[in-house]
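Taken together, the values in this text are just the output of simple stated rules run on the coordinates, not laboratory data. Everything numeric here is computed off the predicted structure, so don't read it as measured data. Counting neighbours? That spans all protein chains shown, and the Cβs are built from the backbone with ideal geometry, glycine included.
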Ligand SMILES: Cc1cc2nc3c(=O)[nH]c(=O)nc-3n(C[C@H](O)[C@H](O)[C@H](O)COP(=O)(O)OP(=O)(O)OC[C@H]3O[C@@H](n4cnc5c(N)ncnc54)[C@H](O)[C@@H]3O)c2cc1C
């Protein structure tokens, strides 16, 4: 049963920040409610004040600048990202990722800010956005700050957001030339939460055959989305071949910290990380080759 709470519906970011400051004795922000309401129904979260930011239009936007890259406001829904022609043209991997995230109903309500702030290690956007070198912008009443998304996730369902802080937007830089990102998740039911997932970004050198840079991020395989940096390093300076991909996949799976639960064993998840790493690294590499 959900315990009684005071429901507050501010209209501007300034009003939200004022309320967060005033109600430090037990507030919770709610946006789409797709994750929070489950926790409230289970009695795991019982705020005194529920601060609803769903209708803060200031935070509902998708902007792209050819120099600065993409900015998505925190209250932007998954469905808006999926349906954005701008994102489809500039960052098609985000559309692919969204199309496989939950059901249309959940995507219609759930938001990118809520997804990242919820910090479920099985969430899809975290791994993909870290592979794309994204940053998070946040504010409280006194200051605003940005940080690499890679540093935003601290532990299971725990982020770097401090008391009184609101996630404002996620920023994705313009990718270097000849860079492609691929993402795959393994699920038991289509569009469900990942049992394991991997995102990879590959940048090719001017010769169009050797790897200049790579980012590999594991999802649902550790308490937070996790970069497999040693695996990335194995790719840099190399030309694509099967033996290389095997070594990269092996290194990535060594980096995983999976758990055994009702869905899969630790060993099975490690195998998934290996198979998915091989698949996405190859896919990103081959896509990068086709780019101007
Ligand atoms: C059936 C189902 C299937 C799902 N499948 C997937 C899936 O396949 N992949 C996936 O990634 N996710 C999945 N999800 C999770 C869900 O889509 C996301 O977690 C959702 O996007 C959360 O957004 P929201 O706006 O509903 O957040 P809410 O539920 O409103 O809030 C979630 C948390 O974030 C905090 N919060 C929200 N906005 C902010 C903000 N701007 N600043 C600071 N804190 C904030 C809240 O306080 C709360 O702690 C699924 C959910 C359901 C119900």
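Fraction of C-alpha pairs exceeding 16 angstrom in the range 215-285: 41 percent, rounded to a whole number.
Would you kindly calculate the translational diffusion coefficient of the range 140-292, applying Stokes-Einstein with the Kirkwood radius from alpha carbon pairs, for 10 °C and a viscosity of 1.306 mPa s, and quote it in µm² s⁻¹ without decimals? Mind dumping the intermediate values first?
Details: Rh = 16.6 Å.
Rounded, D is 96 µm²/s.
Cα centroids of the range 34-97 and the range 187-261: 25 Å apart.
Can you figure out the FRET efficiency of residue 15 with residue 205, using R₀ = 51 Å and their beta-carbon distance, to the nearest 0.05?
On the way: r = 50 Å, r/R0 = 0.98.
The pair residue 15/residue 205 has a calculated efficiency of 0.55.
For the chain, the longest principal axis of the alpha carbon atoms and the long axis of helix 266-289 meet at an angle near 70°. Rounded to two decimals, the Cα-based Rg/Rh of the chain, with Kirkwood Rh, is 0.98.
Taking each residue as 0.36 nm, the span from residue 39 to residue 192 lengthens on full extension beyond its C-alpha to C-alpha distance by 53.3 nm.
So what does log10 I(q)/I(0) come out to for the range 144-185 at q = 0.33 Å⁻¹, using the Debye formula with one equal point on every Cα and no solvent? With one equal scatterer per Cα and no solvent, log10 I(q)/I(0) is -1.26. Its residue count N sets the reference 2.2 N^0.38 Å, and the alpha-carbon radius of gyration of the range 66-187 equals 1.02 times that reference. Taking the 0 to 90 degree range and rounding to the nearest ten, how far is the long axis of helix 242-255 tilted relative to the main principal axis of the chain, both from C-alpha atoms? Taking the Cα atoms of the chain, the angle to 242-255 is about 30 degrees.
Quick one: plug the Kirkwood hydrodynamic radius of the range 28-111 (C-alpha pairs) into Stokes-Einstein at 10 °C, 1.306 mPa s, and report D in µm²/s. Don't jump to the answer; show the numbers that get you there.
Working: Rh = 14.0 Å.
Diffusion coefficient, whole number: 114 µm²/s.
Does anything in the range 198-231 have its amide N under 19 Å from the 7 Å Cα→Cβ label point of residue 289, and if so which residues? Backbone N within reach: 200-215.
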